[in-house]
Protein chains: 2
Amino acid sequence: MAANYNQEPKRAANLTVNEIRPFNAEPPVSVLREHFVTPTDQFYIRNHAPVPVIDSRNHLVSVTGLIPLELNLTVNQLENDFPQVTIMATLMCAGNRRTEMSMFKKVRGVPWGNAALSNAIWRGPKLRDILLAAGVDKLEPMWDSLHVEFEGVDICKENKGYGSSIPMSKAMDPRGDTVLALQMNGHVLPRDHGYPVRVVVPGYIGARSVKWLKHIRVLRHESNNYFQVKDYKIFPPHVDWDIVDNWWDKSPPIQELSVQAAICQPGDGEAITPGSKYTIKGYALTGGGRRITRVDVSLNGGKTWEVARLFSDLHNQKTGSHNTKWSWEFWEMPVMSMPSPCTIFCRAWDDSSNTMPEDLRHIWNLRGVMNNSWVKVKVLAKSKV
Amino acid sequence: MAANYNQEPKRAANLTVNEIRPFNAEPPVSVLREHFVTPTDQFYIRNHAPVPVIDSRNHLVSVTGLIPLELNLTVNQLENDFPQVTIMATLMCAGNRRTEMSMFKKVRGVPWGNAALSNAIWRGPKLRDILLAAGVDKLEPMWDSLHVEFEGVDICKENKGYGSSIPMSKAMDPRGDTVLALQMNGHVLPRDHGYPVRVVVPGYIGARSVKWLKHIRVLRHESNNYFQVKDYKIFPPHVDWDIVDNWWDKSPPIQELSVQAAICQPGDGEAITPGSKYTIKGYALTGGGRRITRVDVSLNGGKTWEVARLFSDLHNQKTGSHNTKWSWEFWEMPVMSMPSPCTIFCRAWDDSSNTMPEDLRHIWNLRGVMNNSWVKVKVLAKSKV
Ligand SMILES: [Mo]
Ligand SMILES: [Mo]
């Protein structure tokens, strides 16, 4: 059956469309930086197929595999038969900053800028509670060797729904916060973001947060879905399309996010009056519930670094009960006198003492994933009129 | 009271002594690489004071602070009143590879080479079970904001026992595996390693695995012990001794390990016959129970990389029931024809897609901690005789 793109939802006009079919788009990075919780219509959209048309009254989520009790849950049951939790979490596409990587040497994939991530408030039952209802407590001694597979309604590669898996230990971690989201920012999920139910796996690449969720399977092995085994993997820099087939099996799928950052203001190539006051602004994030501990900014090519101001404390207050464990960090660096023209560098650190690699040449990979090399933004000198 | 070094234990003769009083020593890195489980007498020794003389029959470990029930536990009780668990875990000093950092620009601290880490099998009760016996389950809603402080018998800075703290969430994580070790490699703990009881916090810097454990305290805040607040912190490169006092408070203590590696064979400056067969060998490790996914080796200054062979599967088999979650990884790279003279680079990656920073100048810090820059070993050409 040919893919049918006649029933796509309406989208905000200001998004940068990186691919039309399937639809892939990101907001302007300066707009992204204006809201700690991304407005729903500005949330980046990453689709692998046409957006499914689903009647939520007939939609069932099945829970099968190595579990004592198979379940078929309606959306109503997901909402009413399980405690509902609310978490704030940033999702980021593994291809964020891919275009930058492609400029050094061509990669294949959706050409994302640096805004393929967004932060939202998600509400729904915990995956943990669903799996407990299916009797997984009886399998507890095996948890460390099991995987939970998700499959969506959207038919993609190999004529199967988009799919992925995560380790059972993540699914069952009481502090892991994997949810089956029915709501996003206080409203029913929009169609582009998985209506009526999507998985949200906080701290993992967005690819694991399967939308339009249809099947949950407990397996002894990782999912063998295309998107777990033939995509979303980092190869060494020498692997090209001629030899890649030797590398899929021996490369692990990307799961937890690495430490990442971007400069949202100024934009690359922006002109600023030399000597003027200016505030550099950006985001940073990291995986696994770790915390951004420091963002360094350099105005002289890494010769010296200054430490940016972080906002998580502020945002913890502003967003009330939502803690920022799974969210990005916003940062800013006031400069009294801009030395334009110049190149601004930035790099973030997390609470595992990990930081970003300097040179994208050394982390270049064929699929253009997980580009977390130092951020470099060129600033031109604006002539005084 | 002046420190008394008259009752230090006997140590292996082949250790490199980096400081005599207090005693700090590491094994030859080539010896380290010979045993996946480090022989006890080759385990690196990191002391902050004279080794305490303790009669285990009189030794008590107190559990106090924000807990419903205070405990005073004898070593006998620690062994007989709680389930005993056995874990394999690598401990690494945050100062590992400090000397290399000091060669670029002087730092202060024990001058460690690249062998300030070792892997052992630890046995004792779980910290989690001790804390449950003290009633911490009643505090569960607060766990995310609590800390567990450890203090040893060894009197160090400020006339207090060496101390540290970890987050309550790590202490209580059923898969966090923090233990109060009574045994190391199947025998009673040696005096140098904390006889009769030490904490082992797997996945964290060695500094948190407090030896000669005397006090456990549940607190609302991190420990204010000198070694939590005035040591074991990473500063930005510009921070020197003139301004460091402004930086202690705003820098978080190092806790989880970052991704790290070393080349154990050949040694730096070793001569190898050009064109000969050679096997490069090393270790890698990372924090938080994460897994080393890849080790890259370059024989041409990073122009191209090859992927080393990893051994965790093998070691999982060899060490039987001990899984390698908290252990280092051993790797090797066979070279058919050594291009000596050359410089060998290596870098490791973990399953959060984090890797090691290229240039130590950019991560240089005043205390010389967490040097995980690319490993660089110079190989000379051995002339054929
Ligand atoms: Mo993605
Ligand atoms: Mo240490």
**Asked** Given a Förster distance of 41 angstrom, what is the FRET efficiency for B:VAL229 paired with B:LYS303, based on the Cβ-Cβ distance and rounded to 0.05?
**Response** 0.40
**Prompt:** Size of the range B:14-123 along its principal axes in angstrom, Cα-based, largest extent first?
**Reply:** 51, 30, 26
**Complete:** Per the 1/(1 + (r/R0)^6) rule, R0 = 56 Å and r from the Cβ atoms of A:ASN76 and B:LYS384, FRET efficiency to 0.05 is 0.10
**Projected label distance in nm at A:GLN265 and A:ASN4, using a 7 Å step from Cα toward the beta-carbon** = 4.5
**Request:** Enter the accessible area per residue of the protein assembly as shown (Å², integer; probe 1.4 Å; all protein chains in place).
**Result:** 40
**Prompt:** So which residue, out of A:PRO125, A:PRO83, A:PRO253, gets the largest mean-square fluctuation from a GNM of chain A using Cα contacts under 10 Å as springs?
**Reply:** A:PRO83
**Request:** Please report the base-10 log of the normalised intensity I(q)/I(0) for the range B:90-238, using a Debye sum with one equal scatterer per alpha carbon and no solvent, at each q in 0.11, 0.17, 0.22 (1/Å).
**Result:** -0.45, -1.02, -1.47
**Item:** Cα convex hull of the range A:142-190, projected area averaged across orientations, nm²
**Value:** 4.8
**Message:** Placing one identical point scatterer on every Cα of the range A:1-75 and ignoring solvent, what is log10 I(q)/I(0) from the Debye formula at q = 0.16, 0.24, 0.25, 0.27 Å⁻¹?
**Reply:** -0.79, -1.05, -1.10, -1.18
**Request:** Within the range B:182-197, which residues have the backbone N less than 15 Å from the label spot 7 Å out from B:ASP55 along Cα→beta-carbon, could you tell me?
**Result:** B:196
**Asked** What does the helix-only formula give at 222 nm for chain A: each DSSP H stretch with n ≥ 4 adding -39500 (n - 2.57), the total divided by the residues, and the result rounded to the nearest 500 deg cm²/dmol?
**Response** -2500 deg cm²/dmol
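Please find the FRET efficiency linking B:LEU66 to B:ASP129, where r is the Cβ-Cβ separation and R0 is fixed at 30 Å, and quote it to the nearest 0.05.
0.95
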**Request:** Return the Cα extents of the range A:338-385 along principal axes one, two and three, sorted largest first, each rounded to a whole Å.
**Result:** 46, 29, 13
**Message:** How many Å² of accessible surface get buried when A and B come together, counting both sides, probe radius 1.4 Å, rounded to the nearest 100?
**Reply:** 3000
**Message:** Cut-off under 18 Å on the C-alpha distance; same-chain residues fewer than 8 positions from A:LYS230 excluded. Which lysines are left, in chain and number order?
**Reply:** A:LYS157, A:LYS160, A:LYS250
**Request:** State, to one decimal in nm, how far the label point of A:MET142 lies from the label point of A:LYS105, with both points 7 Å from Cα in the Cβ direction.
**Result:** 4.3
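Using Cα pairs under 8 angstrom and six or more residues apart, how large is the relative contact order of chain A, in percent? Don't skip to the answer; put the middle values down first.
Working: 940 pairs, mean separation 65.5, N = 385.
With pairs under 8 Å counted, the relative contact order is 17 percent.
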**Item:** Candidate lysines - alpha carbon under 19 Å from A:LYS126, same-chain residues fewer than 8 apart omitted
**Value:** A:LYS138, A:LYS170, A:LYS211, A:LYS214, A:LYS325
**Message:** With the alpha-carbon atoms as the only input, what is the per residue convex hull volume for the range B:232-385 in Å³?
**Reply:** 132
**Request:** Straight distance only, please: which aspartates and glutamates reach the Cα of B:LYS378 with their own Cα at less than 19 Å, same-chain residues fewer than 8 apart left out?
**Result:** B:GLU100, B:ASP268, B:GLU270, B:ASP296, B:GLU306, B:GLU332, B:GLU358, B:ASP359
**Prompt:** With the radius of gyration and the Kirkwood radius both derived from the Cα set of the protein assembly as shown, what is their ratio Rg to Rh?
**Reply:** 0.96
**Asked** Got a number for the accessible area of B:HIS221? Probe 1.4 Å, square angstrom, nearest 10.
**Response** 90
**Request:** Enter the accessible area of B:ARG98 (Å², nearest 10), with the probe set to 1.4 Å and all protein chains included.
**Result:** 10
**Request:** Please report, as a whole percent, how much of the solvent-accessible surface of the range B:42-105 comes from carbon and sulfur atoms (probe radius 1.4 Å).
**Result:** 52
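Take B:MET336, B:MET168 and sort them by solvent-accessible surface of the protein heavy atoms, 1.4 Å probe, largest at the top. Before the final figure, lay out the partial values.
Values: B:MET336 130, B:MET168 0 Å².
Listed by decreasing accessible area, they come as B:MET336, B:MET168.
The values are calculated or read from the model by the stated rules, or taken from the named source; none is laboratory data. These numbers come from a predicted model, not from an experiment. As a convention, Cβ positions derive from the backbone with ideal geometry for all residues, glycine included, and neighbour counts pool all protein chains shown. Heavy atoms of the whole protein, side chains included, go into the accessibility calculation; ligands, DNA and RNA do not. Shrake-Rupley method; radii C 1.70, N 1.55, O 1.52, S 1.80 Å.
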